[in-house]
Each structure stands twice: as C-alpha cells, then as structure tokens.
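The values are calculated or read from the model by the stated rules, or taken from the named source; none is laboratory data. In this text the structure is predicted, and so the values were computed from the model without any measurement. When we count neighbours, we look across all protein chains shown, and the Cβ atoms used for this are built from the backbone with ideal geometry, even at glycine.
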Amino acid sequence: MNQHPIIQRVLSAGRKALTESESKALLAEYGVPVVEEKIADSPEKAGELAEETGFPVVLKGLGESLTHKSEMGLVAVGLADKDSVAASARDMKGRAGDALEGFLVQPLVRGDREFVAGLFTDPVFGPVVMFGLGGVFTEALSDVVFRLAPCSEKDLETMPDEIQAKKLLGDFRGQAAADKQAILNALAGLSRLVQDNPQVAEVDINPLKIGPDGAVTAVDALVVLREEQKEIALPPAIAPRDVARFFTPKSVALVGASGTVGKWGFSIATCILGGDFPGDLYLVNSKGGEILGRKVYKSVSEIPGPVDMACITIPAAHVMGLFPEFQAKGIRYALLITSGFGETGPEGKVLEKELVAKAREHDIIILGPNTMGLNNPHNTFYCTGTHIRPEPGATAFVSQSGNMGGQLMGFALEQGIGLRAFCGSGNEAMISIEDSMEAFEVDELTRTVVLYLESVKNGRRFYESARRLGKMKPVIVLKGGRTEAGGKAAASHTGAMASNVKVFDAACKQAGVVSVEKPMDLLDLSAVFSALPLPKGKRTAIMTLGGGWGVVTADLCSRWNLDVPPLSDDLVKTIDKILPPYWSRANPIDLVGENNPQLFFDVAQELAHWDGCDAVLVLGIVGRKLALKRWINSALKTDPNADKKQLYAMHDLLSNMEDNFFLHLAKLMDETHKPFIGVRMGRSEDSGTVIKVPGCKYEDVFFETPERAVKALSGMCEYRAFLDRETGD
C-alpha cells in the first residue's frame, strides 16, 4: 500500500508524530474541517501574518517535538494587535529554545461548545474511531463513544446522539445547531485515513469547535504513527462442522473415570449415564477393573468399537501422552476438563502452547482445557460437572466461566427456558468463542445465542462473527471483568488479557449484540427472543390490574428508551364499551381491579390489533392464585361453616382462566406477530418464566417484576433497531 506523502516524509525523517500543521494538512484531505492557518518563521513575520489574517488571532509554537504546547506555554489566544503577536512569539521562542521551528497564526474561532474526535488502536480490536465532549472536559467526564474502523455511514450516524452532552449539538442558548453532517464527514474521514494508512496509530482532534452559526472547525490536531509491530499469532479457525461434532457423539471415552465420589471422573460419568445418553460410554482408567458396575478399559486402544470423542479428566502432566494413542484409535475430538494450564500463570501458558502443538501434530481438536463440559439436551448428552439437565430449546449458551454456566443452566431449568446446547469454553486453547458463534450461526436449531465472556483474544474476528451472526439470530452478551478488580479476576481466571470495556461495548453495539449487566438478564432476554415475535418498534401499550403498577412501568419504559404512546380516539371509544365508565382512558390502561375475566381477554384483543403500539405489557392478571390460596386458607381457618368445595372451585376457576388467557395471548401473537410480555401478580410453585402453549407457534413469557419485563422488551427493541439499520428500513 502506498504511503501518503506527508506520512512518508515524516517516517523518512525518523519521526513518529506529525506536527500540528502536518496533521491538519493530512486531515483536511480526509474531510476534516480544519482552521485556516499560516506559518511564520520569525516573531516579526508572525505579526505581519496576523495582520493579514485579521484580529483577534491565536498564536502557537510549531516544532516536531512540541506535541503538548498548552502545557509548555506555547499557545496565546485572543491577541489583538501586531505588537502583542510579536511579543508573544519572542516569549515562546525563549520557552521552547531550539525545539521551536516556527509559529502558527490562526484566526480566533468563536464558540463555547468544544468536542473531541479521534482515532486510537486498541490492542484487541484494532483501530477505533472516537467522538465526545472535548476541551478540558475530555478526561474529566469521559463522555465519549466509539466505533470500530472501518465504519459505514450507518455505523457513524448515531454517534453524536449517543453522548450525554448531545444537547450541546442542538440549538443552544441562542447558538445554532451544530452542522451534524460536518461532524459525520470528519468521523468518516478518520475511518478512511486509517484504512488507507495503517501506520496511523492515533489521531487527536481537540477541540473540535462548534461556532455560534453551527460551523464545525478543528482548531488543534495531532497524528501519531505506530511503531513497527510483529503481528500476534492467532489460532486458526475451527470449522463449524468440527465444533458440532463435540455435541453429537455416538460414543464417548471418559479418560480418567473414577469410582470416588467428588472426583471429576465420577461426576462426569454419572452425569452422562444419569442423563440417559443414547450412545456408548466407555470408562477408561489405567487401573482397569469396574466402576459403576461397568467394565473399565486400561486404555482407549482396548475399546472394541469406534470412539467419536474423548473426555479427559486426568492431571495436566499426563494429557499429552494420550495423543498418539488417540490418533491410532481415530479419536479427533477431545473435551479437556483438566485444569492446570494457561489459567495458572506463565508456566501454565507454556504448557498450554505445548499442548496445542502436540494436539495439532496428532490431528486432534481440543475443547478447553479448564472447561466444565458441555450439554446437548436435544441428544440427551449431558457432560458437565454439575448434574443440571435443561430441557431442549432454541438458546445456545457459551460461557467462559463454568460456575456461571452451571448457575444459569439451573435458573434456565427452573424458569422453563430450553437450551439448544451449553458449552463451557474454558481457556479456548483451540476452539474459541468465535468458533462457537460460527457453529451456532449455521445450526438450524439455534434461534438465540447467549454468551458470558471475560475476554476475547481476537477482537476483530469476534466483531465480524458477531455482526454476521446478529443479522440472523439475536446475540446476548454479559461481560465480566468490567471493573479493575473484575478485570484482574478475569485475567487470573481465564489466563487472557481483558480489553478496554468501553471498546468492547462499542464493538457489541456496532455488531448488533445486546449487552446486559446482570446474569438473570441473559436468561430473561433468551426467554423473550426464543419464545416471542420480535416487535416492529418500541411503542408500548400497558394493561394493568392495578394503577400503581402502571405508573411504575411507564416510568421504567421511559428509562429504558421505550415509548408509551397515547391511546387513539377510536381505541378509547372501543374500550369504553368494554370497561366501566371510570377507567383511565389513557396508556397505561388501568383495568380498575375488575374481576370479570372476559374484560382481560377483550382488552388484549383490541391492543393486539391496534396499529398504535408494537408490543403489550400485561400486568397483574396472571399469578393471583397464590393470593387466592392464602385467602381460602384464612377463610377455612376462621369460618367453621365455610364450604371447602366451593372455595376450592374458585381456585380451580381462576386456574382455568389463567390457562385460557395464556392460550388467548399465544393465539393473538400467532395472528398479529405482536409480542405480549406479562408480569405475574405473585410467585407460585408453577411460575416459570416461559409458558408453553400446545398448538401455537409462540409461547407466553411472564416475569416476576415490571423491571425485568421492560428491560427484556427494551433489549428486543434494541435488536430490532439494529436489523432496521442493517436493512435500511
């Protein structure tokens, strides 16, 4: 690739930073609106040029090594005459000495609104474009947003609206709105700059001033070039078909099988056998004998039939010795439960590199090491240290933490959320998180991909895989190690370096990945994405059995960027015929505590067909059985003449109403493809999140709190907005 002449000249001179003048000349060619300026070689000439420019002016010292001029007293602002310019120039000459090569004379750019634009190179994700609040507030407030370069117009168009200080870009205190297109052009120019010139490591445009008329001007700029760096060797991609083979073995050899309770070799064996694995499980232990009433083979070579996959639990020092035998037996896939590799420190990293080299030498693919295992409910193959066996479903779950994976699988089982598969990725010595994503991308049974991550090794591939996958299926991510303390814990846990969390979040947003902050948010979003139709927008109708819940939920909608539109006149007239005359006539629709179940069905029907909303939140209609049960118990305890049969019939009637309401909502969603998300009045023994409705395409989803329902809907709307941007809708 040809170097830009300015960059070529700077590199030939042995420099790594462009002067301010060179930086602006380069940036101007890429569409950045830079201030007009003139170069003087003496204080007297500076005064003359200032007179030509027109007062007041800004005077700056110029030199190859003068990259922090303000701190050195080499910037003078608002000089009003020729003599003051010359005097300031002489003072700068005295301060900078031989480092001073000349002076920059600029017109004073008016404007109180200062922003920053720039570019830097993240060690994991590569070049990143940045925009935010500038001037003295840049470091203090850190109000900035990022995009990975190269950036499309769609990637850039929302950047100015994402900063907290976005109001400053509009009409503000008598000053015109900023020329947004000029800002976008500058950001696009930065993206093109690094594409054309990979030697550019950093660009700092601060301040990017907004004038009273809205004009955008870069008044200071710095471009820094990168040192020559060796490319980091990244592991080759593992084909999706090879990843899939780990989840669909017909025969498994458990190397390190044990009869001792508490050992991994015992836990894995009993988990596989207890889960009714339909294939063959061969127990392998060098001592031979019998475990769990089954023959134990001293080595895999003794196994009479073919072996699709080996699961290894023996100590780390002995693992590599297995590979020649595996190759002879035709075993290509090794699930390595064993720890003691890269997660333990420098020596462990060396051992892990040797492990990978030896595996490749023998044509073996490793999942792990240091993994808790994997599950495929669709094949009743449960191969983990925790005996949690989720129901079959459409959510694929990959976790870099075994404990987190086990906990979330347990929650999924309790909440009725089925899994396509689970995988603990461990240290990712060979099969990376990106390999798993690409495997589930082409998997027909997967509708949603859920990830718990602490780090990524190949940021660019993660971004590209996630963006491609996200166009087909929702991707939900919980990122651990977001704080300094968490980052240290993640590094010691996985043996990998964590990236800047803001850059990671930006990459996820740009790729259409829905990021969450809490473990349960992962499951909540997996529930709605796998069970419900995707909303077409963020207009939300609320129907509630209690006014207070409606108020709280409307506030939550505002907080989570959902719109609560007013009801149309026609809809109000229609609901007037359904509800008592004292109903709210507003959104949220307060059902005024009515106990006639037909009202719930009728209002839901009208909202399903109302073109003024894209989704419906249903509060308090379901989940009243527990309250009724308590009421019945009180009645039986206090009234000796209470009719038990009649009281229990009331409970059965309410239970039947709820079942019919579930069916009604599912049929409405099948008909209109508009999601209904419910909130239960209370928890009971059968209060799973996902309610399966036989004969319907969609399932019902009911949460325990309005906050969970609103956050889940917000995540769906965020994903819908990404799809709309990608398709241009």
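Of all the residues in the range 242-275, those that are under 30 Å from G126 (Cβ atoms) and free of Cβ contacts under 8 Å to residues at least 40 places away in the same chain number 0. Where helices (runs of 4 or more DSSP H) fall wholly inside the range 9-114, the ranges with 3 or more residues that are more than 30 Å from N197 (Cα to Cα) and at pLDDT below 95 are 43-53, 82-96. Looking at the structure I just gave you, is K573 at pLDDT 95 or above and farther than 28 Å from L525 by Cβ? Criteria met by K573. Quick check on my filter: what residues within the range 272-307 are within 15 Å of G259 (Cα to Cα) and of a type in the set (D, E)? Once the filter is applied, which keeps residues that are within 15 Å of G259 (Cα to Cα) and of a type in the set (D, E), the range 272-307 yields only E290.
Does E444 meet the test of being modelled with pLDDT under 95, out of contact with any Pro (no Cβ under 7 Å at 6 or more places or on another chain) and not small (G, A, S)? So E444 does not fit the description; no. Of the residues making up the range 452-481, those that are closer than 13 Å to A511 by Cβ and not in a strand (DSSP E or B) number 17.
In this entry, I575 is excluded by the filter for residues that are crowded, with 19+ Cβ neighbours inside 10 Å, more than 33 Å from the chain's Cα centre (by Cα) and under 22 Å from K711 (Cα atoms).
The condition of being of a type in the set (S, T, Y) and surrounded by fewer than 24 Cβ atoms within 10 Å (Cβ to Cβ) holds for only one of S436, S465, S399, that being S465. Checking each residue in the range 665-679 for being surrounded by 20 or more Cβ atoms within 10 Å (Cβ to Cβ) and touching a residue at least 60 places away in the same chain (Cβ under 8 Å) picks out L665, L668, M669, K674, P675, F676, I677, G678, V679.
Rundown of residues vs (1) farther than 17 Å from A221 by Cβ; (2) β-branched (V, I, T); (3) under 27 Å from the mean Cα position of the chain (by Cα), yes/no style:
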residue	(1), (2), (3)
D112	yes, no, no
V145	yes, yes, yes
S152	yes, no, yes
L156	yes, no, yes
Q181	yes, no, no
L184	yes, no, yes
L190	no, no, yes
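You will find that of F529, F600, the residue that is aromatic (F, W, Y), modelled with pLDDT of 95 or more and surrounded by 17 or more Cβ atoms within 10 Å (Cβ to Cβ) is F529 and no other. All of (1) in contact with a Pro (Cβ under 8 Å, 6 or more places away or on another chain); (2) buried (at least 18 other Cβ atoms within 10 Å of the Cβ) hold for A188 with one exception: (1).
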